[in-house]
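A short worksheet on the structure shown next.
Rule-based calculations on the coordinates, nothing more; no lab input. The shown structure was predicted, so the numbers you read here are calculated from the model rather than taken from an experiment.
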């Protein structure tokens, strides 16, 4: 049975719509994945900054403790 041009055109349009929807879903999925990676990178960077800040605070606290110990030793 031969297809009439009208039926064939409708079939092509349906297939094209399906393909367009599939491409749109894939693009959305890729955008979500990229946003998730960006958020993870930002969180890792924040954690690294926090770790650096904690390390600085520890060094400062140790230095102050040494100063206090030296001051106590010189007072004795």
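Dividing the summed helix terms, -39500 (n - 2.57) for each DSSP H run of n ≥ 4, by the number of residues in the chain produces a 222 nm estimate of -35500 deg cm²/dmol to the nearest 500.
For the chain, modelled as a GNM whose springs connect Cα atoms under 10 angstrom apart, the maximal fluctuation among 43, 65, 53 occurs at 65. Hey, what angle do you get for helix 5-75 against the long axis of the chain, alpha-carbon based, 0 to 90 degrees rounded to 10? Roughly 0 degrees between the two axes.
Considering only 45, 60, 31, the Gaussian network model of the chain with Cα springs below 10 Å gives its largest mean-square fluctuation to 60.
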